[in-house]
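Visitor: Take a look at the following structure, please.
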Amino acid sequence: MYESVIQDLIDELGRLPGIGPKSAQRIAFHLLDADPEDVKRFAQTLVDAKTKVLFCSVCGNVTVDTTCRICADPRRDDTVLCVVEESKDVIAIERTREFRGRYHVLGGAISPIAGIGPDQLRIKELLGRLQDGVVTEVIIATDPNLEGEATATYLMRMLVPIGLKVTKLASGLPVGGDLEYADEVTLGRAFEGRTAVG
C-alpha cells in the first residue's frame with residue numbers, strides 16, 4: 001500500500017478496462033515521473049472528452065456535433081443499416097472498408113445478469129428509423145458472445161415480420177470475442193459471407 005494519493009491514483013487507473021493492478025501501478029508511476037505539463041494536457045484531454053463528446057442524434061455513434069460524420073456523409077447508402085452494440089464496433093467495421101451503408105448503435109447488448117433489457121437499448125429509435133421505408137436491409141452485427149447472440153435473436157424476431165431483409169454477420173468471428181478485436185480480414189470476410197435470417 002502506498003500513501004493515500006498514490007494509492008488512489010493506482011486504484012482509479014485499475015478501474016479502467018484491461019488494466020490490472022500491476023499495469024495500474026506502472027501507469028501511475030509513469031504519470032508521477034512525467035513532465036507536469038504533459039500530465040496537465042492529459043488531464044485536460046480527459047475532461048474535454050467527457051464534456052464535449054456527444055452521441056449522434058441519428059445513429060447513436062460518438063461525435064462532437066449533433067450528427068456524426070457518417071450520418072452527415074451523403075455518399076453513404078441509405079438503404080442498408082448495420083446495427084452494432086457500441087461505437088467502437090463502428091470503427092472496427094469502418095476499418096474493413098467493406099461497408100458503405102449507415103449504422104445504428106444500440107448502446108450495449110441484452111444482459112439479464114447486468115440488468116440490461118431491450119428497454120435500456122436504442123431499439124425504439126431503431127424501429128423509428130425503419131418507418132419511412134428507405135432501409136431495405138438490416139445487418140445485425142452484434143458481438144459473437146452470449147449477450148450479442150441474445151440481442152441478435154431479439155432483433156431478428158422484431159425485424160423479420162416487418163418484411164425487411166435481415167442479415168447477420170457470417171461465421172469466422174471468434175465466439176466469445178468482441179468486434180473491436182477482430183482483424184480487418186476476418187471482419188471483412190464475415191461481412192462478405194453474411195446470411196439472411198428468417
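Visitor: Among (1) free of Cβ contacts under 8 Å to residues at least 12 places away in the same chain; (2) loosely packed, with under 13 Cβ neighbours inside 10 Å, there is one condition Thr153 misses while meeting the rest; what is its number?
Guide: (2)
Visitor: A follow-up question, please. Does Ile123 count as closer than 19 Å to Asn61 by Cα and of a type in the set (A, V, I, L, M)?
Guide: yes
Visitor: Mind listing just one residue for me: the one in the range 118-150 that is of a type in the set (S, T, N, Q) and touching a residue at least 40 places away in the same chain (Cβ under 8 Å) and, of those, nearest to Val90 (Cα to Cα)? Break it down into steps so the answer makes sense when it comes.
Guide: Of all residues in the range 118-150, those of a type in the set (S, T, N, Q) come to 120, 131, 136, 142, 145.
Restricting the remaining residues to those that are touching a residue at least 40 places away in the same chain (Cβ under 8 Å) gives 136, 142.
Numbers: Thr136: 20, Thr142: 11 Å.
By that ranking, first place goes to Thr142.
Visitor: Out of (1) without any contact (Cβ under 8 Å) to a residue 40 or more places away in the chain; (2) surrounded by fewer than 16 Cβ atoms within 10 Å (Cβ to Cβ), the odd one out for Thr79 is which?
Guide: (1)
Visitor: A further question on this structure: What helices (runs of 4 or more DSSP H) lie completely within the range 99-198 and have 2 or more residues being among the acidic types (Asp, Glu)?
Guide: Filter on the range 99-198 gives 146-159, 184-192.
Visitor: Here's a follow-up. What number of residues within the range 158-176 are within 21 Å of the chain's Cα centre (by Cα) and either modelled with pLDDT under 75 or over 18 Å from Gly148 (Cβ atoms) (or both)?
Guide: Qualifying residue count, the range 158-176: 6.
Visitor: Look through Arg97, Arg69, Arg102 and report the one residue that is in contact with a strand residue (DSSP E or B) (Cβ under 9 Å, 6 or more places away or on another chain) and surrounded by fewer than 18 Cβ atoms within 10 Å (Cβ to Cβ).
Guide: Values: Arg97 fails: in contact with a strand residue (DSSP E or B) (Cβ under 9 Å, 6 or more places away or on another chain); Arg102 fails: surrounded by fewer than 18 Cβ atoms within 10 Å (Cβ to Cβ).
Of the residues listed, the single one that is in contact with a strand residue (DSSP E or B) (Cβ under 9 Å, 6 or more places away or on another chain) and surrounded by fewer than 18 Cβ atoms within 10 Å (Cβ to Cβ) is Arg69.
Visitor: May I pose another question? Criterion first (buried (at least 16 other Cβ atoms within 10 Å of the Cβ), more than 18 Å from Val62 (Cβ to Cβ), charged (D, E, K, R) and assigned by TED's automatic domain parsing to the domain that holds Asp73) does Glu137 satisfy it?
Guide: Considered against the rule, which asks whether it is buried (at least 16 other Cβ atoms within 10 Å of the Cβ), more than 18 Å from Val62 (Cβ to Cβ), charged (D, E, K, R) and assigned by TED's automatic domain parsing to the domain that holds Asp73, Glu137 comes out as yes.
Visitor: Whether any residue in the range 61-74 is of a type in the set (A, V, I, L, M), closer than 30 Å to Val135 by Cα and assigned to a strand (DSSP E or B) is what I want to check.
Guide: Checking the range 61-74: at least one residue is of a type in the set (A, V, I, L, M), closer than 30 Å to Val135 by Cα and assigned to a strand (DSSP E or B).
The values are calculated or read from the model by the stated rules, or taken from the named source; none is laboratory data. In this text, all values refer to a predicted model and were calculated from it rather than measured experimentally. Glycine also receives a Cβ, built like all others from the backbone with ideal geometry; neighbour counts cover every protein chain displayed.
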